[in-house]
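Some notes on the structure that comes next.
Derivation of every value follows stated rules applied to the coordinates shown; laboratory data play no part. Nothing here was measured: the structure is a model prediction, and the numbers come from that model. Counting neighbours? That spans all protein chains shown, and the Cβs are built from the backbone with ideal geometry, glycine included.
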Amino acid sequence: MSDGDKPIPEVDALAADPLARWRFLNARRETVIGAIRARRGDEGDYWTARAAAPGAQMRVDPAHRFPPLDWLLDRVDAETTVLDVGAGWGRFAIPLARAARMVTAVEPSDPLRALLRENAAAAGVGDERLRLVADDWEAAEVSPADLVLCANVLMPLAEIGPFIRKLDAHTLRRCVIILRATAVDAPLVALWRAIHGVPYPRETTHADAFAALDALGIPAQVTLLPSAPIWAFGSPEDAARLARERLWLGPVGRDPHADRLLDDWLVTTLVREGDRWQIPAPEPRQALLWWEKG
Ligand SMILES: C[S@@+](CC[C@H](N)C(=O)[O-])C[C@H]1O[C@@H](n2cnc3c(N)ncnc32)[C@H](O)[C@@H]1O
């Protein structure tokens, strides 16, 4: 047997164990992004920075419907209790609280909880329908609920086995994990390598989460739904802003070489469609991974 035929234990473990693969993908991503941020002197918590200047997308119009919310609202009535884990600024928790008996929103970030409170007050949703819990899910002490929701939270977490088991243990009827089914950074992969000199460290996806659920013995169903286009903009400046954020470039001028590569990329990639601007990208979809109890 030649050396090339010998099994490589780490690779075998990654191939055989979806939870180890998840851990590896996120550790690799954190290492690469951590090095980029450190080089740029970019420190501090991502959500604190986002909440300091909340854009319109962090405000909640309770009348605004979108496919995953519709899917959830179809499964909620005035008797349903809901647990929203990682509720953010209340995109799901607030409209669900208007339809359900009670929503418990677990959210560890102080600035995001403050936004959630403001958004709930603006939507006329009071404490009797929406209860906030200031904790990580791993530490939160809450009662089980009919519907447990965990939307767009798992992606960066290192350890999802105990996290998912706890979601399952708190579910009375249905648990729903929502994750992107299309890679948001797909248009940026080549530019990432040109700017940072390393391959793009891919994010975990709904497919990785599905494999992890299977490894945990949870037979999830998968529902794919359309989601709002990410790479469509009102102006080229908005396109540059999102690309800068996804590439972790920091303010203009901090890395003139990267700024030049980004400008060149925008000139050759941005397409004008009427009064909108687009970067060609896969059609965005959200995945709902869900299972029922009992
Ligand atoms: C991308 S946001 C999603 C917010 C909301 N669920 C949505 O889909 O609009 C991710 C949220 O997960 C929260 N989060 C991160 N780690 C968490 C943890 N260990 N337990 C609970 N929430 C967490 C963050 O603070 C943030 O609010």
Packing-based order for 227-236, 18-27, using average beta carbon neighbours within 10 Å, highest first: 18-27, 227-236
Placing each pseudo-label 7 Å from Cα in the direction of the beta carbon, Asp214 and Arg101 end up separated by a distance in nanometres of 3.7
With no solvent and one point on each alpha carbon, what is the Debye value of log10 I(q)/I(0) for the stretch 232-294 at q = 0.13, 0.25, 0.26 Å⁻¹? -0.46, -1.11, -1.15
Assuming a viscosity of 1.002 mPa s and a temperature of 20 °C, what translational diffusion coefficient in µm² per second does Stokes-Einstein assign to the chain, Rh being the Kirkwood radius over Cα pairs? 103
Given charges of +1 on the Cβ of Lys and Arg and -1 on the Cβ of Asp and Glu, with all other atoms neutral, how large is the dipole of the chain about its Cα centre, in debye to the nearest 20? 340
Working out 0.36 nm times the residue gap between Val222 and Ala13, then minus their Cα-Cα distance, what length gain in nm do you get to one decimal? 72.7 nm
For Glu118 and Arg244, compute 0.36 nm times the residue count separating them, minus their Cα-Cα distance, and round to one decimal in nm. 42.5 nm
So what is the calculated 222 nm ellipticity per residue for the chain, using -39500 (n - 2.57) for each DSSP H run with n of 4 or more, over all residues, to the nearest 500 deg cm²/dmol? -12000 deg cm²/dmol
7 Å from Cα along Cα→Cβ at both Arg59 and Ala158: what's the point-to-point distance in nm? 3.9
Which residue fluctuates the most in the chain, going by a Gaussian network model with Cα springs under 10 Å, if the choices are Leu72, Leu213, Leu96? Leu72
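Using R₀ = 25 Å, calculate the FRET efficiency as 1/(1 + (r/R₀)^6) where r is the Cβ-Cβ separation of Asp74 and Glu128; round to 0.05.
Given R0 = 25 Å and the Cβ-Cβ separation, E is 0.55.
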Expected output is a single nm value to one decimal: the length gained when fully extending between Asp135 and Ala207, i.e. 0.36 nm times separation in residues minus the C-alpha distance. What is it? 23.2 nm
Which whole-angstrom value gives the distance between the alpha carbon centres of the stretch 229-282 and the stretch 137-199? 26
Take the alpha-carbon positions of the stretch 137-294, form their convex hull, and give its projected area averaged over all directions (one quarter of the hull surface) in nm². 11.4
Pick out the long, greasy-scoring helices in the chain: whole DSSP H runs spanning 20 Å or more along their own axis by Cα, mean Kyte-Doolittle at least -0.5. 18-39
Roughly what would the spin-label model give for Ser235 and Ala38, points 7 Å off Cα along C-beta, in nm? 3.7
Would you work out which of Ile195, Ala169, Thr268 lies farthest towards the positive end of the dipole of the chain? Charges go on Cβ: Lys and Arg +1, Asp and Glu -1. Thr268
